[in-house]
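**Q** Dropping a structure here in structure tokens format, bear with me for questions.
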Amino acid sequence: MKHLLLLALALLLGTRLPAAAQTPIDTTGGRYFQPVFPGVTVTSGVVYGNTTNPVFGTALPLLMDVYQPTGDTVRRRPVIIFAHEGGFVRGSRADAYMTAVCTQFARLGYVTASIDYRLLFFPLDTTNVSRAAIRGMQDMRAAVRFFRQDAATANVYRVSPSRIVVGGASAGGFMALQVAYLDKASEVTADVNLAALGGIEGNSGNPGYNSYPLAVLNLSGATNPPRIIEPGNAPLYSAHGTADAVVPYLKGRVGAGLPPKYVFGSGLLNPYASSVGVLNVLRRFSKAPHIPQYPVQSAGTGSPSSAAYADTTFRDVRAFLRPLLAPFVAPVLPSLVINTNTAVAPGSYQDITINSGQATLSGNVTVYGTLVIKSLSGQTPGSLKTNCFVVDGPGSFDLQAGAALRICDPDGIAASGAAGAIRNTGSRTFSSDAVYVYEGTANQITGSGLPGQVRDFEVNVSSSLSVQLTNGLSIKQRFLPTSGQVLNSQQLTLLSGPTGTALVTPGAATLRSSVAFQRYLDPSVNPGPGYRHLALPFDFGGFTSVSAPAFTPEFNPAYNTAARPDLVRPFPNIFVYDQARALTSPATSYSEFDKGWAVPVAPGGSLTSFDRGQGFTLNITAGQTLSLAGPLSRNNEDIAVTLPAAATPTAGWHFLGNPFPAGLNWDAVTIPAGLSGAMYIFVSTSQYSGNYRAYVNGVGGAGATVPLGQAFFVRSLANTPVTLTFPLSARITDYAAANAATVQRGTTDARPRLRLTLAAAGAAPATADEAYLYQEAGATASPDAAFDAAKMPNPSGLNLATLANGEALAINGLPVVGAPATVPLAVAVPQPGAYVLTAVQLANYAAGALTLTDALTGTRTPLAAGARYAFTMAGTTAPGRFALELSAAGVLATGPAQALAAQLQVFPNPASGSFQVLLPLPAGQRVPAVAELTNALGQTVRRQPLAASGQALAGEVDVRGLAPGVYQLHLRVAGLPLVRRVVVQ
């Protein structure tokens, strides 16, 4: 191999030889990558050599057309010499594709040339077609020498002599391959008689200058044998159709009526180049014909999609050549650091760093260093809105975890190549924990660059447009179907795991196929088998919509008609609930409540469907993930369920389910007349046992958040049907909030309250039952639907409740003034033994305000947070044994502000148009006050004077026009600050 070629490549590609010997080239303004020149000047008919016509023996000047960027003043420019196709029998330098390619690259800043070369050969046999290829190679070598001679003499074309690239299509590709790799006479068969043709360099002109190229561009060409490619040779780019019937993609004889010549195509040449360490790129056009960059010329040659193939080839070659031009004149390019919403002007940049806020492209940008989108702690995550423009350039692209990319391009984002919104040729990193928004103005595909798993995925196109999933997609946190159509023939999955469950936000977009909603079964309390109360977040579902890795359903309809359903075998492991069975169930061993359980099998043996908003339960092992597969239906609507009238005065329990594919805020659900405001979530403690956690009015262990796929109980004792509507406003759209079952009042709750638990001695806290007592203005000593939660009997047999007028309550709201001095407790246990009562929480009571009494032993235990009372049960119940004594002097004695705050009433809350403020005042006090409503930034958005009305301050605060969200209500009465949380819908 020629030493000069090795030296040139060593200089260009950064080996140990000193790069200073290579003159740096100027790439300012995106040169050699962007079309920085609008115009191109063509010099036609330039004579680059002289030779003899191979058939007629007459003198033949060799001509080429030279293309230069109009107005260019750079002194040293790279050159690309192109040769047309035609089987060495036809074609010219005016070839339409060559003209277009020369123009494209000249606009980038290259000097380009389309050459004529010797055509025709006779007789038409294998030897003569080989000679024709040699003559074409010799003519192309003369063109290379022409430009090197010009650079050394007149310098008309101002080229960089070490940066000359050769390329061609079909026959032109044969020539270019031989210019680069044929350098020994022994590599040519004897029948060709190379010496008679003038040797490898030939006699076409410009002797004394070398003809070694910087790189080779081979479009549907071939050569023989591959071993002429040797270590240290020029880099190779090839583009070839796998269905090429003229020049084989792998190996074989050339077609199209040419004499038989056995050759090796790109599919073997490029891998061979790799095997000997020659830099190369192969663009494999699957099932494409010969020279697909050309329009259809004949059967098997050219393509109806020639423009697309030509564009891909152009972008490939542009990216392939640019790093080979090094070293570069160091460009002076601006860099951007973005920390707030910013419009990014079109142009070239060294680096763009988006730390926070949204960067919106105003045009295409070329990045030479790195474009990175970050999500920094304590700051708004960074976002890039492509705005139907493109990011390209030789730099890298890095979308980091938590950051967002808003995509407009019809091709979405691609992992590589020149399609989509991100087209840089350096590395591309699309985080699997980032946010991706598709907001195009035409139909879109997501593209190969979209990871298989993302944090958030949003579709926000017009209703007539679609976004098609290129591959299956799993979403970790949020799916936002804002608008348009989602073509999800590929699997779309909302993930669930120990850290949380993904949700769907409201939106008008429609989906073509079903979605897989996952629901992880938390093993923290009971890792083994147990009842898990579940619901489907879609319509038209049945048990066939539910799958789990380790669950085999057992349907036994005999359970529904058995007098002893507990003895039915096999015992079912899937149930629904119908309180009307209190009147119809033949069960003799079950309580009225337990009679409501039934196996979901319709007459005739078919499975009944699970209506949306209704619950079902499975006896299933925790620690696994269920898949609930169904349509995303009624995603932008309120969901209403009708509850039948109470079957008996002590029935009225309804097994409901969160109807939304997201968390549900129970505090934001309007409770209709006749329905208790309490809801109950079951916590499994063993295979057939567990406890119900109640919640009402901001109090209770269940919290106000009902997770996706969660079922719960409510109670209506109305003698007519009641309709409960789950409004969209109750749907939780924040991932963290949807996965945090918190009591909405939180630690700022100023009401006096007690959480008392009952557990077997030595048992885990999670297995304990609980009862709540709190005090609030408006509550009464009798059962109140808005303040109290009736006690649901626990399957574990462990039950703790307070009593109000003989009714057992899980949560007991008492008035601030006029609370009873003694509140009886109801204690029931599964078997005799040692047990413990614990004051787990005690807040806003003075010391000694609450006392636990045991009538059996005469023990009195003053309660403080954490206080425990151990005792023994001789039986399973203890009527009249335990009670709580409330000291009137100790109630609300922790401070005047808390005393007032406990009596402050704000209703309705959540509010839509306005809410009322009512604050009872001590006797004889007439203190004016002003209510101020502040937003999350602490800005005052409403001010309302409160007027004295009897023995209270009252007023109405108008919230119309305020954005939905959480606000703080501030009052100052007699120098005391009061704060209350207000939700605006």
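The values are calculated or read from the model by the stated rules, or taken from the named source; none is laboratory data. These figures come from a predicted structure and were not determined experimentally. With ideal geometry, Cβ positions are generated from the backbone for all residues, glycine too; neighbour counts draw on all protein chains shown.
**Q** Out of the residues in segment 124-157 meeting the condition of being in contact with a helix residue (DSSP H, G or I) (Cβ under 8 Å, 6 or more places away or on another chain) and more than 23 Å from residue 223 (Cβ to Cβ), tell me which one is surrounded by the fewest Cβ atoms within 10 Å (Cβ to Cβ).
**A** Once the filter is applied, the top-ranked residue is 156.
**Q** Ok, one more. Kindly indicate whether any position in segment 795-805 is surrounded by fewer than 21 Cβ atoms within 10 Å (Cβ to Cβ), in a strand (DSSP E or B), not polar (S, T, N, Q) and not assigned by TED's automatic domain parsing to the domain that holds residue 692.
**A** Yes, because at least one residue in segment 795-805 is surrounded by fewer than 21 Cβ atoms within 10 Å (Cβ to Cβ), in a strand (DSSP E or B), not polar (S, T, N, Q) and not assigned by TED's automatic domain parsing to the domain that holds residue 692.
**Q** If we keep just the residues of segment 431-485 that are within 11 Å of the chain's Cα centre (by Cα) and of a type in the set (Asp, Glu), which is nearest to residue 739 (Cα to Cα)?
**A** Looking at residues that are within 11 Å of the chain's Cα centre (by Cα) and of a type in the set (Asp, Glu), I get 456.
**Q** Please verify whether segment 109-123 includes one or more residues that are in contact with a helix residue (DSSP H, G or I) (Cβ under 9 Å, 6 or more places away or on another chain), of a type in the set (Lys, Arg) and in a loop (DSSP other than H, G, I, E, B).
**A** yes
**Q** Scanning for something among the polar types (S, T, N, Q), buried (at least 17 other Cβ atoms within 10 Å of the Cβ) and assigned by TED's automatic domain parsing to the domain that holds residue 812, does segment 756-772 turn up at least one residue?
**A** Pass one, segment 756-772, residues among the polar types (S, T, N, Q): 757, 767.
Then keep just the ones that are buried (at least 17 other Cβ atoms within 10 Å of the Cβ); that gives 757, 767.
Still in the running and assigned by TED's automatic domain parsing to the domain that holds residue 812: 757, 767.
Within segment 756-772, one or more residues are among the polar types (S, T, N, Q), buried (at least 17 other Cβ atoms within 10 Å of the Cβ) and assigned by TED's automatic domain parsing to the domain that holds residue 812.
**Q** Could you please find all residues in segment 498-541 being among the small types (Gly, Ala, Ser) and in a loop (DSSP other than H, G, I, E, B)? Lay out the reasoning, then the answer.
**A** Initial filter on segment 498-541 (among the small types (Gly, Ala, Ser)): 500, 502, 507-509, 513-514, 516, 524, 528, 530, 535, 541.
Listed by number, the residues that qualify are 502, 507, 508, 509, 513, 514, 524, 528.
**Q** Any residue at all in segment 38-46 that is over 30 Å from residue 348 (Cα atoms) and assigned to a loop (DSSP other than H, G, I, E, B)? First the steps, then the outcome.
**A** Of the residues in segment 38-46, the ones over 30 Å from residue 348 (Cα atoms) are 43-46.
In the following step, the residues that additionally are assigned to a loop (DSSP other than H, G, I, E, B) were identified as none.
Within segment 38-46, not a single residue is over 30 Å from residue 348 (Cα atoms) and assigned to a loop (DSSP other than H, G, I, E, B).
**Q** Considering only segment 53-102, state which residues are of a type outside the set (Val, Ile, Thr), in contact (Cβ under 8 Å) with a residue 40 or more places away in the chain and within 18 Å of residue 131 (Cα to Cα).
**A** Within segment 53-102, 53, 54, 60, 62, 83, 84, 85, 86, 87, 88, 91 meet the criteria.
**Q** Follow-up. Just wondering, is there one or more residues in segment 207-229 that are surrounded by fewer than 21 Cβ atoms within 10 Å (Cβ to Cβ), in a loop (DSSP other than H, G, I, E, B) and in contact with a Gly (Cβ under 9 Å, 6 or more places away or on another chain)?
**A** No, segment 207-229 contains no residue that is surrounded by fewer than 21 Cβ atoms within 10 Å (Cβ to Cβ), in a loop (DSSP other than H, G, I, E, B) and in contact with a Gly (Cβ under 9 Å, 6 or more places away or on another chain).
**Q** Taking the options 159, 129, 144, name whichever one is within 20 Å of residue 262 (Cα to Cα), in contact (Cβ under 8 Å) with a residue 24 or more places away in the chain and not hydroxyl-bearing (Ser, Thr, Tyr). Give the steps one after another, and end with the answer.
**A** Values: 159 fails: within 20 Å of residue 262 (Cα to Cα); 144 fails: within 20 Å of residue 262 (Cα to Cα).
It is 129.
**Q** With the requirement that a residue be farther than 26 Å from residue 583 by Cβ and in contact with a His (Cβ under 7 Å, 6 or more places away or on another chain), what does segment 624-652 give you? So that I can check it myself, show each step before the final result.
**A** Filtering segment 624-652 for residues farther than 26 Å from residue 583 by Cβ gives 624-639.
Result: no residue meets the conditions.
**Q** Just to check your reading of the model, which residue among 315, 284 is within 14 Å of residue 217 (Cβ to Cβ) and either assigned by TED's automatic domain parsing to the domain that holds residue 232 or not in a loop (DSSP other than H, G, I, E, B) (or both)? Step through it out loud before you land on a result.
**A** Working: 284 fails: within 14 Å of residue 217 (Cβ to Cβ).
Answer to the check: 315.
**Q** So, one more: Where residues in segment 556-583 are surrounded by fewer than 16 Cβ atoms within 10 Å (Cβ to Cβ) and not aliphatic (A, V, I, L, M), which of them is nearest to residue 708 (Cα to Cα)?
**A** Per the criteria, the residue is 571.
**Q** Pick out the one residue from 926, 943, 972 that is assigned to a strand (DSSP E or B), modelled with pLDDT under 85 and either in contact with a His (Cβ under 8 Å, 6 or more places away or on another chain) or among the basic types (Lys, Arg) (or both). Walk me through it before giving the result.
**A** Working: 926 fails: assigned to a strand (DSSP E or B); 943 fails: modelled with pLDDT under 85.
Criteria check complete, one pass: 972.
**Q** All but one of (1) closer than 14 Å to residue 773 by Cα; (2) at pLDDT below 95; (3) of a type outside the set (A, V, I, L, M) hold for residue 848, so report the exception by its number.
**A** So residue 848 meets the others, but not (1).
**Q** Could you say whether any residue in segment 773-781 is modelled with pLDDT under 95, buried (at least 20 other Cβ atoms within 10 Å of the Cβ) and among the polar types (S, T, N, Q)? Step through it out loud before you land on a result.
**A** Within segment 773-781, the subset modelled with pLDDT under 95 is 775-781.
From what's left, buried (at least 20 other Cβ atoms within 10 Å of the Cβ): 775-776, 779.
Then drop every residue that is not among the polar types (S, T, N, Q), which leaves 775.
Checked against the condition, which is being modelled with pLDDT under 95, buried (at least 20 other Cβ atoms within 10 Å of the Cβ) and among the polar types (S, T, N, Q), segment 773-781 yields at least one hit.
**Q** Pick from 173, 202: which is under 27 Å from residue 46 (Cα atoms), part of a helix (DSSP H, G or I) and assigned by TED's automatic domain parsing to the domain that holds residue 78?
**A** Numbers: 202 fails: part of a helix (DSSP H, G or I).
Selected residue: 173, the only one of 173, 202 that is under 27 Å from residue 46 (Cα atoms), part of a helix (DSSP H, G or I) and assigned by TED's automatic domain parsing to the domain that holds residue 78.
**Q** Among the candidates 830, 879, which residue alone is touching a Gly at 6+ places or on another chain (Cβ under 9 Å) and either closer than 19 Å to residue 791 by Cα or part of a loop (DSSP other than H, G, I, E, B) (or both)? Can you show your working first?
**A** Values: 879 fails: touching a Gly at 6+ places or on another chain (Cβ under 9 Å).
It is 830.
**Q** Taking residue 635 as the residue in question, decide whether it is among the polar types (S, T, N, Q), closer than 15 Å to residue 724 by Cα and within 33 Å of the chain's Cα centre (by Cα). Can you show your working first?
**A** Working: among the polar types (S, T, N, Q): yes; closer than 15 Å to residue 724 by Cα: no; within 33 Å of the chain's Cα centre (by Cα): yes.
Against the criterion (among the polar types (S, T, N, Q), closer than 15 Å to residue 724 by Cα and within 33 Å of the chain's Cα centre (by Cα)), residue 635 does not qualify.
**Q** Pairs, please: C-beta under 8 Å, at least 6 apart or cross-chain, first residue under 23 Å from residue 739 (Cβ atoms) and in segment 500-512, second of a type in the set (D, E, K, R)?
**A** Close Cβ pairs (under 8 Å, with a partner that is of a type in the set (D, E, K, R)) amount to 501/519; 502/476; 502/478; 503/478; 504/478; 505/478; 505/731; 506/731.
**Q** Could you give me the residue pairs with C-beta distances under 7 Å whose first residue belongs to segment 346-358 and is more than 14 Å from residue 390 (Cβ to Cβ), whose second residue is of a type in the set (Phe, Trp, Tyr) and surrounded by 18 or more Cβ atoms within 10 Å (Cβ to Cβ) wherever it lies, and which are 6+ apart or on separate chains?
**A** Going by the 7 Å Cβ cut-off, the qualifying pairs are 350/368.
**Q** Further question on the same structure: For segment 828-871, enumerate the residues that are of a type in the set (Gly, Ala, Ser) and in contact (Cβ under 8 Å) with a residue 60 or more places away in the chain. Show your work before the answer.
**A** Quick first cut of segment 828-871, residues of a type in the set (Gly, Ala, Ser) only: 828, 833-834, 839, 843, 846-849, 855, 858, 864-867, 870.
Across segment 828-871, the qualifying residues are 833, 834, 839, 843, 849, 870.
Every residue, every condition in (1) outside the structural domain of residue 319 (by TED's automatic domain parsing); (2) of a type in the set (Ser, Thr, Tyr); (3) farther than 23 Å from residue 138 by Cβ, yes or no:
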| position | (1), (2), (3) |
| --- | --- |
| 211 | no, yes, no |
| 215 | no, no, no |
| 219 | no, no, no |
| 224 | no, no, no |
| 231 | no, no, yes |
| 234 | no, no, no |
| 241 | no, no, yes |
| 246 | no, no, yes |
| 254 | no, no, no |
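**Q** Still on this structure: Assuming residue 912 fulfils every condition listed in (1) under 27 Å from residue 809 (Cα atoms); (2) at pLDDT 80 or above apart from one, which condition is it?
**A** Exception for residue 912: condition (1).
**Q** Only one residue in 809, 856, 825, 904 is at pLDDT below 95 and among the aliphatic types (A, V, I, L, M). Which one? Before you say what the answer is, go through the steps one by one.
**A** On the way: 809 fails: at pLDDT below 95; 856 fails: at pLDDT below 95; 825 fails: at pLDDT below 95.
Testing whether each residue is at pLDDT below 95 and among the aliphatic types (A, V, I, L, M) leaves just 904.
**Q** Restricting to segment 73-106, what's the tally of residues that are modelled with pLDDT of 95 or more and surrounded by fewer than 19 Cβ atoms within 10 Å (Cβ to Cβ)?
**A** 6
**Q** Can I ask one more? Please indicate, with yes or no, whether at least one residue in segment 711-719 is under 30 Å from residue 846 (Cα atoms), under 36 Å from the mean Cα position of the chain (by Cα), surrounded by 20 or more Cβ atoms within 10 Å (Cβ to Cβ) and aliphatic (A, V, I, L, M).
**A** Step one: list which residues in segment 711-719 are under 30 Å from residue 846 (Cα atoms), which gives none.
So far as segment 711-719 goes, no, none of its residues is under 30 Å from residue 846 (Cα atoms), under 36 Å from the mean Cα position of the chain (by Cα), surrounded by 20 or more Cβ atoms within 10 Å (Cβ to Cβ) and aliphatic (A, V, I, L, M).
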